[in-house]
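One structure below.
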Amino acid sequence: MHFQPTRFEDILKDLKLDSKDRQILELCHKHSKHELELELLKKGNELELLKKGNELELLKKGNELELLKKDHEHQLDKLKTELSAANWENLKHLKLVQGMLEPDDREVVDVTEVRARMERHNDHYQAEQKQRFDSKRKPVHLYSEGDLVLIKITSTPATGVSHKLLPKWRGPFRITKVLGNDRYEVADIPGSCRSRLRYSGVAGVDNMRPWIYCE
């Protein structure tokens with residue numbers, strides 16, 4: 001046996017009411033129906049908002065999980081790199097120790113012969129470099145005692161004036177003694193003292209040139 005819902009109009013027909021009471025009941029029914037629809041609409045909106053809020057919360061949780069996953073993968077890669085480097089260092093140390101402990105089947109090298117071969121190679125290389133350097137050098141000018149020479153000015157005091165037009169040589173000086181190794185003792189000539197004291201010093205041939213110089 002199935003229950004059949006009773007319509008509101010059928011109930012009104014069963015009730016023997018006058019037209020005024022009938023209108024009042026119809027208005028009450030419509031008002032209750034309208035309130036029920038509004039309540040259902042309100043509940044539907046709340047459910048929709050709750051659903052959207054849940055979706056946003058799930059999306060936020062998903063993003064956080066994705067960031068945690070990426071950070072975890074980065075830490076794993078970093079750990080793998082560190083472990084690989086540590087294992088490589090341990091492997092190199094192990095191979096070194098193993099090579100020191102285990103006998104070596106390679107041919108024994110004569111250290112004296114290797115040293116002699118390296119010395120011969122070094123002497124040959126030095127001779128080549130000296131020949132290359134000497135090929136671009138001019139012959140050294142030899143001086144004798146009594147020769148007049150000019151001395152190159154290698155430094156000048158800082159006076160704030162440009163040095164471009166200053167003289168590059170000073171003199172003449174007279175050679176008073178030959179010292180060897182291309183070194184000469186020089187002194188002021190009589191009557192040409194440039195200061196209160198008479199100058200006397202040692203000069204190298206690379207900073208000297210004859211008083212009468214012809215290129």
Fill in the blank from the handout: Residue set GLU66, GLU39; condition at pLDDT 75 or above and surrounded by 10 or more Cβ atoms within 10 Å (Cβ to Cβ); output residue GLU66
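Table: residues versus (1) in contact (Cβ under 8 Å) with a residue 40 or more places away in the chain; (2) surrounded by 10 or more Cβ atoms within 10 Å (Cβ to Cβ); (3) of a type outside the set (Phe, Trp, Tyr); (4) out of contact with any His (no Cβ under 7 Å at 6 or more places or on another chain).
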residue	(1), (2), (3), (4)
PRO139	no, no, yes, yes
SER144	no, no, yes, yes
LEU148	yes, yes, yes, yes
SER155	no, no, yes, yes
GLY160	no, no, yes, yes
LYS168	no, yes, yes, yes
ASN181	no, no, yes, yes
ALA187	no, yes, yes, yes
Handout entry: Considering residues of segment 130-153 that are part of a loop (DSSP other than H, G, I, E, B) and over 25 Å from GLY171 (Cα atoms) only, the residue modelled with the highest pLDDT
Key = SER135
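Could you run through segment 170-179 and say how many residues are more than 13 Å from LEU148 (Cβ to Cβ) and in contact (Cβ under 8 Å) with a residue 24 or more places away in the chain? Write out each step before concluding.
The first filter runs over segment 170-179 and keeps only residues more than 13 Å from LEU148 (Cβ to Cβ), leaving 177-179.
From the residues that got through so far, the ones that are in contact (Cβ under 8 Å) with a residue 24 or more places away in the chain too are 177-178.
Counting residues in segment 170-179 that are more than 13 Å from LEU148 (Cβ to Cβ) and in contact (Cβ under 8 Å) with a residue 24 or more places away in the chain gives 2.
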Practice task
Return yes or no: is GLN126 over 30 Å from TYR199 (Cα atoms) and modelled with pLDDT of 80 or more?
Solution key: yes
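The values are calculated or read from the model by the stated rules, or taken from the named source; none is laboratory data. Note that the structure is predicted; figures quoted are calculated from it, not measured. Methodologically, a virtual Cβ is constructed for each residue, glycine included, from the backbone with ideal geometry; neighbour enumeration extends over all protein chains shown.
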